[in-house]
Structures are given as structure tokens and as C-alpha cells.
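Notes for the one structure printed next.
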RNA sequence: GCCGCUGUGGCGGAAUUGGCAGACGCAAGGGACUUAAAAUCCCUCGGGGGGCAACUCCCGUACCGGUUCAAUUCCGGUCAGCGGCACCA
């Protein structure tokens, strides 16, 4: 005894990791053998192991959460390799920006992902569950300007804190060996590689254009990064600047990005709608209007070619290139020029606001309607956009509300070409444009047919007469990727006076971000001011040249990181094609709705480009998407500025990671907003205590018995156990309803308390044991440390993380008795308890014989009796 | 304006295929244990009425209407909130 207690002392203190518990540790073995002068007997070994099966009286998470985290890490429990013997499952949460401190609003998404990953692992999947850092970005650079810390130092310190003090303490089952950090050159060099490949294919190009400019971030923004005219990051009012910028030709994939939305059947409809709206496909025709008295043609785009006969004027954008030629030699030329100058001085955002006053001026020129030869005046309109369509529009006041108002304002004619069958339209008395369907009128050979039919016929006519063609217009613009900031991937381009624009050759990649730069926050970006970075030699002629000093939008980094996780150490390519084809697609992607357009659109685009580069054979990266709700507290989104943040470390210290996880899962279904409630956290903490106390109370007794099997079929707790296994499994499988899964576990625990309250006989102990086993397994994805500790105390030595998920016994969930609800005229009047399998006829008879039913039917014969199999009887009078 | 989503107790939320509305939890109230408190355990808990009581009746899922033996669930309309798109030709 002295020896063995000495051994257990060694196990608990010296080898706290309990690594090789199937055998005593070497030191114990040695000591034991030394004292007894023989190898330990089986009996003694069992005693050693039994030490492990002791259970603390009270649930004290502090005693084991860290230990399990360390064990998982040491044993590489979550490290994965390609394994053809198992089905693979790729579970991914959108990776975080390392902003410093996260709060429980951020950790919710990781817990959701972790529950899924742990569940799938127990279901026998080979689960890839990686984590990394979207590490480039403005806050790091702003910190550098404000506090004089280098962005690299700031970022790396934040990553260390978030990883070690926050995420790891949540017990998240990541394969940390696959950690990806986008600001490291082994990652961003591939951004540059993609850039060069895209440049070679004409998918990356530079052009001078009006771009969105955030004065506060002092950089350009993509269209997707402007929300209601404000910067997506800092909410400053976005202005416009004419700059020479790099673009990715996402519009080349517009058609596919739109049409393959239909294949994303496991994405929320909301996200798909937003993407479809954003891409914005308009189908119509382009029509050439000859300018009277000149050889020039003015091309317009319209989706309403059925109204072409009703055109009474045309409008062009102030920036339209034909403007000068239209107004030369006209008497109002100067007046038009001053109007145009005034319009162009106005800010784009203001000009394109709906409430902005629509103004125009007649140019003095006329165009000829190619369908009816009609002569229509050409106006300049401040509301016509050069970026959409052709920069020129036809105006049909009778059938377009905006044109109608413009015509009324400037006394332009109105011609009805689609007649309303219910109430004849008369231009003089019209109060608004008629935009419904109707019958063609005033439209030459097309009169009398419906306007919907006329659309096709007129489009045919235009194409046959070679006066235009069918055309498609997109709302989607090319993705502006140049950023005038330091902390991002340098754009790998060299400008040579002799050779022009030259991409950096592959062998010279990466173009490293220089570390010795100054952060003043004034003037140009640190790169543009760094001589040693800027000055270089031309890779073609060897002459002096200069580097592009803009960096790439950080959304480039996140557009392909999910592929990098498949082979994060790959040094010769962005990723290993074979590994990627094993792991991809991402089976489950989880992230916030704020990326419905931004990141999710860019990542889809990149995947298609990568496919066309021949590196990957899929069309879409994310099979199934879950957009989790935000975490709110005191009625507001959790945020530093609102002062309502709850850091996970605080909850972990007070209640433990398992409570934090369980509450996040229980308080609301994942896609809905979650109200953080301190009392709710207490409640889930109490629940874990309740389980612990129950198991502690019966620990010794149940350790002596084997779990019950099918022979216990008739036992109510056995039945509840299997109902719960079924319910929890189905709730997770069906739309990840973790809240109801946890509720089911609570119900089961309540029933276990009832079951054990009156003492347990020999038949009941095994049933309780099997209930405890099942409960421990079922709660493992939600509260993994808690489950591991209990699982070990129940005599299991291989950890619960890879233990098989329990199966329910279909026979056990069938009730022996059924409760039939009896209604009279649709109102519940009685309930009957009948043996399972009672025929409909017998159920009906029993219902009609019921005293309560007789009272309500007053012994009158029922008009009709409806019996729902084993559930309900409705007696209709 | 167009499109989408949501609306259930004091609160978070259940109700899976049209079949017992309010599971589970929080808060609240009452009780047990305790010198006391904490912890724990038990009971009550949508609204209104009747009964000494076991109990029982009526109303109730934003609002109005419809389909149905039966509607939180399906259909039509209204209102409110949230989100997306919007001078897009």
C-alpha cells in the first residue's frame, strides 16, 4: 500500500499529463518493482489505474481545463493527414483579424465551428479544422503611427495573445500545425504570384478612373467596401478621386458568379440574394441612334426596347466623350459647357443620390430614332452615369417615372406606346408614367401585340436591321485592389521608362515589404517614401526602374487562404493540388453576414481564377455556409466603443471554458442574434454542476456494473437515454440546432435525478451507468474538458475526442404506451393512455367511451370522428 | 419603390410533416435545510373567470379575413421591425 500510494503520488504530481495510463510511468514501474522485487501484478496495475477513476467531489474546472488543453496539444489530438480510409470533413470559420483583444461576440463563431468539428470527428470523419490570421490591415499601421510600434510587432504580439490567452483557453480543436499568417512572406509571396499570373492573363490591369477614396484611411476602396456612401471600416464619408489604379477583372466572371449561385443550395437564401443583387444582371439591347447632320452614332442601352417608339428625347452623361462634337457650332455651347462643369464639380456620391435634383440642358443636337425615323433632341442630364451602360440613355416619359418627371419639368413631349386595357392613357392627363404591361400602340408594325411579346420581336428587328444588338449590362464593377498603405502585400510590378510595365519575374518573388520605414501618418505611404524600396532595376533591360509602391487590398489575402490550409508548408506553389483535391471543398463555412458580398464574392472569384489556372478542379469553394448572428448585450452589438464587451478570458477564469461554450450554444440558434446574459451564464454553469454532482453521487456504484443493453428496453431512463441520443443527433444534423440539443440534455439530466431520487436497485444501476456514458459522449462537443475528465473517471483511457458517437436503439425509442389527445370540435377535452399499437378503431371506441367526451357530446352521435394514428382523436359534432 | 427575413409569456427561446401552444433555461414569488447567509433541493409561474377542494371554463402565437374536423404552421390582406438593392437606363 505504501508503494502504490507513492506511485499514485508520482502520477498526479510528477507526470501530471497522465500520458501512458495503460501502464504506470517508468518511474512508478521502477519503484514498484524495486520495492516488491517483482513486476507489478495485474491486480496492482488495476489499482494504479483505479486511482485515475477517482472523481473530485465538486466540479472544479480549474483543476483540469488547462490539463486537457495541454494533453490535446502534446498528443496532437487534432492533427490531421490525408486518410483515404475515412470520409473527410473540412470545417472552417472565417479567420480573424488580429486586432488585439477579442470578446465573446468573436468567439461565438469559433465555438459553433468547434462543436461541428468535434461532432463530426466523433462521427468518424477525418476532420480538417484549421485556424490562422488575416494579419495585414490598417489598424496595425494606425497603431504604428499613433504609438510608434512597428505594424509587424503589433500584429505578432496580438496574434500571440489571442492565440494563447484567448482561443486556446476556449478548448478549440484546431490543428495548430496548419496555422496560416497572411503577413508572413511565405504566404503573401503567393498573393504576388497570383497577381502576376492574373496580369499575364489580362485579369489584372491598370487604369485611370474615378475611384472611391476614404480620406480618413487615406486609401482607395473597392465598390464593395463602400456602404451607403461610407467606408466599411471607419464609416467616414467616401469621396471620389481620379487615380491610376490596379484592378482585378472580376467582371469577366460576372456571368458565372451569377449563374453558379444556383448551385449553392446549402447557402442561406439571403446571402445569395445579396450576391445576385450586387452582380446585377440586366438583359436588354444596345441601339445606335444616328446624330442628325453628322456621321456619328450615339449608342444607348435599354431593357425596355418595347418602348423605343415612345422615345421623345435622349440624355447623355456630362462626361460623355461625344459631348463636345455635339455642341460645336451651336449657339448654346457655352451654356452647356458651364452646366457640365457645374455637374462635374459636384461630388459623385451627392450626384448619384436619389434625392438629388435632376437637371438637364438641351445640347442643340438631334438624334434619329432608327425605328420610326423620328427626330429627338439630345440633352445632357446630371443623373446619367458614364459608368453604367453606354453613358447615354433614351427617354420614354410615358413609361418611365424618372423620364416622366424630367419631361414635365422641361415641357418635353409624351408619347404613349403601351396602352393600358383597363383605362386608356392620354398623355395630357397622365399623372405618372405607366410602367405596367399592355398592348403596343403607336409602334408601327408592332401595334396590337403585347409589349412582352414585342420585346423579343423588336430585339430581332434591331439585330436584323443591324441598328444594334442584344446586350447584357452588369452592376458589378471590376475590383480595385490598389491600396496606398504600407501594411499589405506589395504589388509585384516594376515600371521601366524603356520597357514599360513589367511584372516581377517568378524567381524574384517575393517582393519583400521593407521593415526600415517611417510611419508619420502624413503625406505618402511609407513605401512611396522609401527610396531603397522604390528604386530598382528593370528585369528586362537592367536599366534603372521604379517599383509600384501600392499594396494589395487585404481581401486578396482572404480570397484563397482556405486552399493554403490544405498544405500550409508548401514552398513551391500556393498549395499542393493533390492535397487540395482531397480536402476541398470546405464542407462547412461559418462567418458573419457582413461578408455576404465582400469576402464571399472575392473568394468565389479567386476560386474560379485558380481553377482556370489549372491548380484546382472545383468551381466553388464553400459547400455549405452558416452565417451566425451577432452577440448583443444591453440591446447593442458588443463593441469596444459601446463599452459592453465581455472578454472570453474573464468568463473562462470565473466559470471555465465549458460554461462559456455551452452558454453560447444554448442561448440562441446559431444564425440568430444572441443576447449575452450574465444570469444565463450562471444557469449553464449550474447545469454542469448538476451533472457532476449526479455522477459523483453514483460513481462508486456504477463503476461496479456494466452499462445496460437492449434487455433494459422497457426501462423509462433507458428509453429517455435513447430518445435523447436521437434528438441531439438530429438537432445537430438538421441545421445545427444546438440550443434544442442542449435543452434535450437538460431534460435528460432532470429525468436522471428523478430516476435516482428513490434509490436504485440492481436492475437500475446499469441503466443509470449507460445513461451517464451516453450523456458524457453527447455533451463532449459542447463541453469538451468536462466530458474528457468525466470520461476518464468512468474508466476510459483513450480520450473522448475520438470516441465514437453513441447510436440510438430504434426499438428503445418506441413507447410502450401512447398518450392520445381527445378533442371535441377541435378543443382538447381529454387524454387517454393506451398500449402502443392500439388500432385506430379501438382508439376511436375508447375516445367515444370516455366520460369527459360523453359530457361534451351530450350522448348525441358524432357527425365525424378523425383519428390520427397513435396521436389524436377529434370528435366532430 | 423593389426584393428578402422576422413578429410566440416579464426575458432568451421550443413546437421537426397542419394535430396537446409556451419544451429547456433565465428572472420572479413561495417553501425546505441553516443560528444566519451562500450553495442545494422542492413547489408556483401567459391572461381572465368559477369552485372549500380534486379541479374546471373562457380568451390567447402582431392585426384583419380565408381554407380545414383541426392553423404559431397553409393562403390573401394590413401593420411594425430588421437587412439588401435602388436616378441602373
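The values are calculated or read from the model by the stated rules, or taken from the named source; none is laboratory data. Predicted model only: the values in this text are computed from it and were never measured. So basically every Cβ, Gly included, is an ideal-geometry build from the backbone, and we count neighbours across all protein chains shown.
Table: residues versus (1) modelled with pLDDT under 95; (2) crowded, with 23+ Cβ neighbours inside 10 Å; (3) closer than 20 Å to residue A:104 by Cβ.
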residue	(1), (2), (3)
A:117	no, yes, yes
A:121	no, yes, no
A:133	no, yes, yes
A:138	yes, no, no
A:154	no, no, no
A:158	no, no, yes
Checked region A:726-740 for anything crowded, with 16+ Cβ neighbours inside 10 Å and more than 9 Å from RNA strand B (Cβ to nearest atom); matches are A:728, A:729, A:732, A:736, A:738
What number goes with the only condition from (1) touching a helix residue (DSSP H, G or I) at 6+ places or on another chain (Cβ under 9 Å); (2) within 16 Å of RNA strand B (Cβ to nearest atom); (3) in contact (Cβ under 8 Å) with a residue 40 or more places away in the chain; (4) not in a helix (DSSP H, G or I) that residue A:442 does not pass? (2)
Count - residues of region A:191-215 that are out of contact with any helix residue (DSSP H, G or I) (no Cβ under 7 Å at 6 or more places or on another chain), buried (at least 22 other Cβ atoms within 10 Å of the Cβ) and within 28 Å of residue A:90 (Cα to Cα): 3
Within region A:795-818, is even one residue within 16 Å of RNA strand B (Cβ to nearest atom), on the phi > 0 side of the Ramachandran plot and either under 49 Å from the mean Cα position of the chain (by Cα) or modelled with pLDDT under 90 (or both)? no
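With the requirement that a residue be closer than 18 Å to residue A:779 by Cβ, near RNA strand B (Cβ under 8 Å from one of its atoms) and in a helix (DSSP H, G or I), what does region A:661-681 give you?
Looking only at region A:661-681, we keep the residues that are closer than 18 Å to residue A:779 by Cβ, and these are A:661-667, A:670, A:680-681.
Applying the additional criterion that residues be near RNA strand B (Cβ under 8 Å from one of its atoms) yields A:666-667, A:680.
Answer for region A:661-681, where residues must be closer than 18 Å to residue A:779 by Cβ, near RNA strand B (Cβ under 8 Å from one of its atoms) and in a helix (DSSP H, G or I): A:666, A:680.
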For residue A:152, only one of the following conditions fails: (1) over 30 Å from residue A:784 (Cα atoms); (2) in a helix (DSSP H, G or I); (3) within 27 Å of the chain's Cα centre (by Cα). What is its number? (3)
Any residue at all in region A:299-318 that is closer than 30 Å to residue A:598 by Cβ, within 16 Å of RNA strand B (Cβ to nearest atom) and assigned to a strand (DSSP E or B)? yes
Looking only at region A:819-859, which residues are within 12 Å of RNA strand B (Cβ to nearest atom), assigned to a loop (DSSP other than H, G, I, E, B) and surrounded by 13 or more Cβ atoms within 10 Å (Cβ to Cβ)? A:825, A:850
Mind checking which strands (runs of 3 or more DSSP E) fall wholly inside region A:518-632 and carry at least 2 residues that are within 16 Å of RNA strand B (Cβ to nearest atom)? A:586-592, A:622-628
Note on residue A:469: of the conditions (1) surrounded by fewer than 17 Cβ atoms within 10 Å (Cβ to Cβ); (2) farther than 30 Å from residue A:254 by Cα, unmet is (2)
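Would you mind listing the strands (runs of 3 or more DSSP E) fully within region A:194-271 where at least 2 residues are under 20 Å from residue A:594 (Cβ atoms)? Working first, answer last.
Details: elements: A:204-214, A:219-221, A:239-248.
Where strands (runs of 3 or more DSSP E) fall fully within region A:194-271 and carry at least 2 residues being under 20 Å from residue A:594 (Cβ atoms), they are A:204-214, A:219-221.
Quick grid of which residues meet (1) over 30 Å from residue A:236 (Cα atoms); (2) in contact with a helix residue (DSSP H, G or I) (Cβ under 6 Å, 6 or more places away or on another chain); (3) within 13 Å of RNA strand B (Cβ to nearest atom):
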| position | (1), (2), (3) |
| --- | --- |
| A:346 | no, no, yes |
| A:368 | yes, no, no |
| A:372 | yes, yes, no |
| A:383 | no, no, yes |
| A:392 | yes, no, yes |
| A:396 | yes, yes, yes |
| A:402 | yes, no, yes |
| A:415 | yes, yes, no |
Scan of region A:283-298 for residues that are more than 11 Å from RNA strand B (Cβ to nearest atom) and in a strand (DSSP E or B), ordered by number: A:288, A:289, A:290, A:291, A:297, A:298
Subset of region A:252-283 that is closer than 29 Å to residue A:465 by Cβ and modelled with pLDDT of 90 or more - its residue that is surrounded by the most Cβ atoms within 10 Å (Cβ to Cβ): A:254
Of the residues in region A:500-517, those that are surrounded by fewer than 15 Cβ atoms within 10 Å (Cβ to Cβ) and part of a loop (DSSP other than H, G, I, E, B) number 5
Find all pairs meeting these conditions: Cβ atoms under 8 angstrom apart; at least six residues apart or on different chains; first residue within region A:268-282 and within 16 Å of residue A:627 (Cβ to Cβ) and within 6 Å of RNA strand B (Cβ to nearest atom); second residue at pLDDT below 90 and in a helix (DSSP H, G or I). A:270/A:593; A:278/A:224
Taking the criterion of being surrounded by fewer than 16 Cβ atoms within 10 Å (Cβ to Cβ) and without any contact (Cβ under 8 Å) to a residue 60 or more places away in the chain, would at least one residue in region A:656-669 satisfy it? no
Of the residues in region A:472-499, those that are assigned to a loop (DSSP other than H, G, I, E, B) and out of contact with any helix residue (DSSP H, G or I) (no Cβ under 7 Å at 6 or more places or on another chain) number 6
Evaluate region A:698-708: report whether one residue or more is modelled with pLDDT under 95 and within 16 Å of RNA strand B (Cβ to nearest atom). yes
Among the residues in region A:536-547, are any in contact with a strand residue (DSSP E or B) (Cβ under 8 Å, 6 or more places away or on another chain), touching a residue at least 12 places away in the same chain (Cβ under 8 Å), over 30 Å from residue A:274 (Cα atoms) and loosely packed, with under 12 Cβ neighbours inside 10 Å? yes
